[in-house]
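In what follows, a single structure is set out as C-alpha cells and then discussed.
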Amino acid sequence: AALKDGLRSQVSAALKEGRVTPTELCQRCLALIKSTKFLNAYITVAEETALKQAEESEQRYKRGQPLGILDGIPIAVKDNFNTAGIETTCASNMLKGYISPYNATVVQKLLDQGAVLLGKTNLDEFAMGSGSTDGVFGPVRNPWSYSKQYKEKSVPKSHSEDEESNWVITGGSSGGSAAAVSSFTCFAAIGSDTGGSTRNPAAHCGVVGLKPTYGLISRHGLIPLVNSMDVPGILTRCVDDAAVLLGSLAGHDPKDSTTIQDDFKPFELPNLTDVSKLSIGIPKEYHVPGLSSEILALWSKAADLFKNAGAKVVEVSLPHTRYSIVCYHVLCTAEVASNMARFDGLEYGHRSDKKESTESMYAATRREGFNDVVRGRILSGNYFLLKQNYEKYFVKAQKVRRLIVNDFIKVFRSGVDILLTPTTLSDAAPYMEFIQEDNRTRSAQDDILTQAANMAGLPAINVPTALSERGLPVGLQFIGRSFQEKQLLTVAKWFEKQIQFPMIQLEEVKRCDNYVFQHQKSASSS
C-alpha cells in the first residue's frame with residue numbers, strides 16, 4: 001500500500017514511525033522491477049548500491065536523524081544524467097560502458113537528501129524522439145498495455161494477436177521514467193524535457209509530469225540535447241509529490257550559469273477551495289489538426305469545470321504558435337549538431353578500430369556510435385548553420401522564437417493566470433502503428449502541443465485526466481508564468497482533486513504482492 005501513497009502525507013510518516021523501513025521499500029521496488037522487466041523501463045538497475053543506500057537511510061531513521069522528506073525514498077533517473085559509479089549510456093552505442101566520474105547536480109541533491117537511487121531509465125537515443133522506441137536497448141512498453149482497464153477494452157482481431165503485438169508506446173523521450181513511476185517500481189523519477197519529453201510520456205502513462213521554468217533546476221550533468229531549452233523534468237504519481245521533488249532540486253547552482261541567482265524556498269501546496277479569482281486562458285491555436293475528438297471533448301469539459309467553479313475562462317490567442325514546430329526543428333537540430341561534436345572517439349565513449357587517419361577514425365566512430373535519427377539531426381543542424389544558410393534559417397528561427405515568447409508575455413500581462421491545453425493529440429499509439437512513420441514526422445506531431453513552453457522557458461505540467469475509450473490515459477497541460485511554480489502546481493492540484501484519475505490495475509503488481517507476502521510469511525514462520 002505504501003507504494004501507492006503520497007510522499008509527504010503517507011510514506012515519509014510511515015518511515016518515521018517505523019511502520020516500514022527504507023530497506024523494505026527498496027526491496028519491494030527491486031522485486032517489482034524484476035517482475036515488470038518486460039516493460040524495458042530500466043537500462044541499469046543498481047541493486048547493490050540501492051540496498052546499501054537504503055541501509056544507511058535505515059540507520060539514520062533509527063538515530064532519529066533523517067536527512068529530510070526524501071530520505072529512504074526509492075527514485076529512478078533517466079539515463080542521460082551523469083551518475084558516478086553507474087553507467088550512463090544515453091541509450092546509445094556511443095556511450096555504452098561509459099561511467100561518469102561525477103554526479104549530475106540533480107542526482108547529487110537527491111543523494112544528499114537520502115534518496116535511494118534504484119537505477120537508470122530507458123529513453124530514445126540521446127533523448128531524440130517522442131516514443132522511447134529508438135534507443136539501442138529497445139523500446140519501452142507502456143504499463144497500461146497490461147492493465148485491466150486496457151485489456152477489457154481491447155479485443156484482439158485474431159487469436160494470434162496477443163499482448164506481444166497489441167502493446168502501446170510510453171511516449172518520449174523520458175518513457176522509461178514515466179513507465180517506472182506508472183508501474184510502481186519507484187516513487188518518483190527524473191526525466192529531461194526539451195520539447196515535451198517529460199509531459200508527453202506522463203500523459204501516455206497516466207502520471208504527473210512537471211517541466212519547471214528554464215533555469216530553476218540545474219542542468220549540470222545532464223548530457224545536453226538543446227542547451228537553450230533542456231530542463232530536468234519531474235515524474236510522480238500526484239501533484240503534491242512533484243512539489244516535494246521540486247523543492248529538493250530547485251535553486252542556484254554555481255556549476256550552471258543559467259540557473260537563478262536567488263535561493264529557492266520549498267513550499268507545501270495549499271488546498272485551494274476558491275478558484276473565483278483565477279483567470280484560465282484557452283489558446284485557440286492549440287485546436288490543431290489531428291487533435292482527437294476525445295481529447296477535444298475532455299479539454300472542453302475541463303474548461304467548463306473551472307467555469308462552473310467560479311473561475312474566469314477566456315479564449316486567448318498565441319498567433320505565432322503555428323510557426324513554433326518549424327522554428328523548434330531548426331533551433332533543435334542546430335544545437336544538436338554543436339552538442340554532438342564532442343563525441344569524436346578521443347576522450348570518452350566509443351572509438352572505432354579504423355585507424356587509417358584521424359579523420360577516418362572520427363567518421364567511423366560517429367557512424368558506428370550514432371543511430372540514423374541522431375545522424376540525421378546532426379546533418380540538418382549543420383546545414384542550417386552553414387555560412388550561406390545561417391541568416392536564412394538559424395537567425396530567422398531565433399527571431400520567430402522571440403515572437404512566440406512575446407505572445408505568452410502578452411497573454412499573461414492581459415490578466416490570465418494559467419493556460420489550459422491538451423498535452424498530446426491522442427492516447428498512446430500501438431507500437432506497430434507508431435513505427436510506421438519516421439522519427440522526425442512523429443516528433444513533429446507529438447511535440448506540437450508541448451514544445452512552445454520550452455521555447456518560452458515557461459513552467460508546464462501534465463495532469464492525468466481520464467481514460468480514453470480504449471482504456472488508456474489521457475492528460476491535460478497547464479502552462480504558468482515564469483517562476484510561478486507554486487501557483488501552477490496549486491491549480492494543478494485542485495484540478496487533480498476534482499477529476500479523481502483512476503489508479504492503474506496492473507496484474508504484475510498483484511502477483512509481486514502475493515510473492516512478497518508469501519516470502520515474508522515463510523520467513524517469519526521459520
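Annotations
- Mean residue ellipticity, 222 nm, helices only, the chain: the sum of -39500 (n - 2.57) across DSSP H runs of n ≥ 4, divided by residue count and rounded to 500, is -12000 deg cm²/dmol.
- Placing one equal scatterer on every Cα of segment 236-374 and applying the Debye formula, the log10 ratio I(q)/I(0) at q = 0.12 Å⁻¹ is -0.93.
- Dimensionless Rg/Rh of segment 293-440 - Kirkwood Rh, Rg from C-alpha atoms: 1.13
- Using the 1.4 Å probe convention, the accessible area of the chain works out to 41 Å² per residue with neighbouring protein chains retained.
- Magnitude of the charge dipole, segment 62-158, Cβ model with Lys/Arg +1 and Asp/Glu -1, debye to 20: 440 debye
- Only Lys, Arg (+1) and Asp, Glu (-1) charged, at Cβ; the chain dipole about Cα centre in debye: 800 debye
- On segment 66-201, 51 percent of the accessible area sits on carbon and sulfur atoms, based on a 1.4 Å probe.
- Candidates Ala364, Tyr390, Leu346 compared by Cα position along the dipole of segment 340-423: farthest toward the positive end lies Tyr390, with charges placed on Cβ.
- Viscosity 1.306 mPa s, 10 °C: Kirkwood-radius Stokes-Einstein D of the chain over Cα pairs, µm²/s: 68 µm²/s
- Compactness of segment 260-342 - radius of gyration and Dmax, Cα, Å: 19.0, 54
- Ranking Val474, Cys29, Tyr102 by how far each Cα lies toward the positive end of the dipole of the chain (charges on Cβ) leaves Val474 at the top.
- Surface share of carbon and sulfur [accessible, 1.4 angstrom probe, percent] for segment 230-303: 51 percent
- Three-way shape call for segment 301-370 based on the alpha-carbon gyration tensor, with the a/c threshold at 1.5: prolate
- Projecting the Cα atoms of Phe267, Asn80, Ala115 onto the charge dipole of the chain, computed from C-beta unit charges around the Cα centre, puts Phe267 farthest toward the positive end.
- Segment 329-473 - percent of accessible surface contributed by carbon and sulfur, probe 1.4 Å: 52 percent
- Length-normalised contact order of segment 243-325 in % [C-alpha pairs under 8 Å, at least 6 apart]: 31 percent
- From the alpha carbon centroid of segment 195-257 to that of segment 104-147 is 13 Å.
- In this Cβ point-charge picture (+1 for Lys and Arg, -1 for Asp and Glu), segment 273-321 has a dipole of about 140 debye about its Cα centre.
- Per residue, the convex hull spanned by the alpha carbons of segment 1-144 comes to 113 Å³.
- Taking a span of 24 Å or more along the helix axis (Cα atoms) and a mean Kyte-Doolittle hydropathy of at least 0.0 as the rule, the DSSP H helices of the chain that qualify are 321-339.
- The shape of segment 380-478 comes out oblate: with a ≥ b ≥ c from the C-alpha gyration tensor, a/c is at least 1.5 while a/b does not beat b/c.
- Prolate/oblate/rounded call for segment 170-254, Cα gyration tensor, a/c under 1.5 rounded: oblate
- Over the C-alpha atoms of segment 92-206, the Rg to Rh ratio, Rh being the Kirkwood estimate, stands at 1.03.
- Subset of Lys312/Lys399; Lys312/Lys497; Lys37/Lys493; Lys62/Lys486; Lys52/Lys497 violating a 25 Å alpha-carbon distance limit: Lys312/Lys399; Lys37/Lys493; Lys62/Lys486; Lys52/Lys497
- Normalising the average separation of contacting C-alpha pairs (under 8 angstrom, six or more residues apart) by the number of residues puts the relative contact order of segment 100-222 at 28 percent.
- Sequence-distant contacts, meaning Cα pairs under 8 Å at least 6 residues apart, place the relative contact order of the chain at 17 percent.
- Along principal axes, Cα extents of segment 49-131, largest first, whole Å: 45, 25, 20
The values are calculated or read from the model by the stated rules, or taken from the named source; none is laboratory data. This structure is a prediction, so every number in the text was calculated from the model and none was measured. Every residue, glycine among them, receives a Cβ derived from its backbone with ideal geometry; neighbour counts consider all protein chains shown. Side chains included, ligands, DNA and RNA excluded: accessible areas come from the protein's heavy atoms. Shrake-Rupley method; radii C 1.70, N 1.55, O 1.52, S 1.80 Å.
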